[in-house]
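Below you'll find the structure, written out as structure tokens, and then a few comments.
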Amino acid sequence: MLHSKNAHMFSFFKKAPPAQVPSTPEAPATAVAASSTDPTTTRATPPVAEGRQGWLARLRAGLGKTAKGISSVFGGSRIDEALFEDLEAALLMADAGVAATETLIAELRRTAKDTQAETPAQLKDLLVDGLSKLLAPLQKPLTLGAQMPTVIMVAGVNGAGKTTSIGKLTHRLADEGATVLLAAADTFRAAAREQLTVWADRNTVEIVSQENGDPAAVSYDAVCAGKARNKDVVLIDTAGRLPTQLHLMEELKKMKRVVQKAGEASGLGACPQEVLLVIDGNTGQNALAQVRAFDDALGLTGLIITKLDGTAKGGVLAAIARERPIPVYFIGVGEKLEELETFNAREFAQALLQ
């Protein structure tokens, strides 16, 4: 059980060490890496836990169609210009975007020359390394606990899986021993409030809700209640909106300002500590447009990628890494509570290029 009232931070990947064990500069307790493996290398890794092995199998299945399309490029017997052209087309089809594709191809040409790669299979291994390197900035742990409660705003467009992701995240937090307060600030849809209440019941956590209330007022009350009730985390659900709905984006900015005021009034200081955007993994390059718009409006600190279990192409993460390298804290491949996992750059590259 994590002792939330201690000053140390904790992450979802590994419980923080006991207070009497000093952390070293190389491995601070406040930022435990999502994996002991350097995402840009091919060093041997410890055996993956059985639960994560199953999840990785589902991720590979979800990205299987795209992986097949890219892998078919390497089916020949030699490395030539036609292979690079076909690979460029395959990466673009996978929604990697022009800038990321050009970066990957240029790096692949360089490393193929430096390593004197002779076969398409060797070139594919080099591409895994190159994609892992490109995605590495997205691999960062979500760490909590420096400030109690940690306030997390969660945004996204309608249908992205935002409220479901909040339920899954709440489940992970509860498993880590954290106490959570949910804020049903999506007051535009009664169904959203009801859905969040169901998640609160499933996870046995408290919820702040107002029928037909003002979203900003709900958020303010939740932050103050989280402080008064000594909660570890306050998770604020917001109404789904398109970036083109300017009046709704302005309302989202207002909510963030109100949350900041609630933090000041409660003696918490800067709030929210985290602003997350939930993205549907099936939306392709539109996902990058969403990241741009919400980041410009709110200053995003992290992403959750959902629905990587069907027709998702997955290459858009390369585009995001190239243009807006905002950490991907979690990716989801299904509807079950447990089907939200931490992002690992090499694992994802291997699944996309299996």
Quick one: Kirkwood hydrodynamic radius for the range 237-354, alpha-carbon pairs, angstrom, one decimal? 15.5
Taking K and R as +1 and D and E as -1, what net charge do the other residues with C-beta under 10 Å from the C-beta of Val98 add up to? -1
If r is the Cβ-Cβ distance from Ala228 to Arg60 and R0 is 41 Å, what FRET efficiency results, to the nearest 0.05? 0.35
Could you please report the charge total around His247, scoring K, R as +1 and D, E as -1 over all other residues with beta-carbon less than 15 angstrom from its beta-carbon? 0
Hits among lysines - C-alpha to C-alpha of Lys133 under 25 Å, sequence gap 8 or more where chains match: Lys14, Lys65, Lys68, Lys113, Lys124, Lys307, Lys313
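Sort the following peptides by mean Cβ neighbour count (other Cβ atoms within 10 Å, averaged over residues), highest first: 67-76, 218-227.
218-227, 67-76
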Using a 10 Å cut-off around each Cβ, can you sort Met255, Met249 from fewest to most neighbouring Cβ atoms? Met249, Met255
At 1.306 mPa s and 10 °C, Stokes D of the range 116-217 from Kirkwood alpha-carbon radius, µm² per second: 95
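None of the figures in this text is laboratory data; all of them are computed from the coordinates on show. Note that the structure is a prediction, hence the values are computed from the model and not measured. Because the Cβ atoms are built from the backbone with ideal geometry, glycine has one as well, and the counts that use them run over all protein chains shown.
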